[in-house]
Structure formats: C-alpha cells, structure tokens
Amino acid sequence: GGGVAGASGATARPAATTAVDYSALVAAGREAVLRSLAEAGITNVRQHIVNELVIDPTEWRDRYSLAHGAAFGLSHGLTQLSVLRPGLADKQVRGLYFVGSSTRPGNGVPLTMISADLVTQKVMKDVKAGLI
C-alpha cells in the first residue's frame, strides 16, 4: 500500500500496530444505532437493511494509510495546528496543491471549505503569474 504524500514530499506511513478484532465493537455500535432509532420511534429498520458497509480502523489504515482509523487526517498535536499544518502548495513540485482537512487552516467542514477557497485563489494567482 501507498502512503500519504505530505507538503514536504515525504510519505507518511502509519505506525505498526497490533492486530485488533473490531467485530465486537462494530456489532455493539450497530445495535446501539438500531436501539436509538427504535427509541426515537423508527422501528423495524433491521428487517429493511439490504446492504451494509462498515469501515473499521483497520480498513481505514489499509485503504488510506491512516493510523488508528483517523478519519480527519493529521493529528491535533501542537505540531499540527494552524500554520504548522502543510501549506497550500508543494514546495518541491510546481503545480501540486493541497486542499482538505490535513492542510491549512484545518479540519471540519467549514475549515475544509475555507481550504478549498484558499487553494482556488492560490491556483488562480499562480496561473495569472505564469507559474503553472
């Protein structure tokens, strides 16, 4: 499997972890959701489920090289906050831009949308300047 290319051009890979069987946790989570729906008056959901897809942390790791099932990209440690996140454009590959929760300004839908707007502005500026 591949890694995730960062702004520095380095490829990040998740740390090796011991195998975890998530089946019991998935089953408990499924039952909790169905129970919550039933308590809210939405009954008989179970019999109408035709297809179901569960992506557990192992699948996130194998598909996207995300350690511990991190769905939001980079961690929230002090070295990954705000301006310390990767920038909008790669410093080594001209014309390679980054957008999303792992870039500036950060994660969450509003910040990711701001990231998309910022990278669009950056690309347009670079096109006008003849840089790409």
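Rule-based calculations on the coordinates, nothing more; no lab input. Just so it is clear, the model here is predicted, and its values are computed rather than measured. We place every Cβ from the backbone using ideal geometry, glycine too, and count neighbours over all the protein chains shown.
Annotations for the structure displayed:
- Highest to lowest packing among 40-53, 83-96, scored as the average C-beta count within 10 Å: 83-96, 40-53
- Potential extension, ALA19-LEU111 segment - 0.36 nm per residue separation minus Cα distance: 29.8 nm
- FRET efficiency for VAL33 and LEU78, using Cβ-Cβ distance with R0 set to 41 Å, rounded to 0.05: 0.75
- Hull-based mean projected area of region 73-132, where the convex hull spans the alpha carbons, in square nanometres: 4.0
- Spacing of the two label points (7 Å from each Cα toward its C-beta) at LYS122 and THR43, in nm: 5.4
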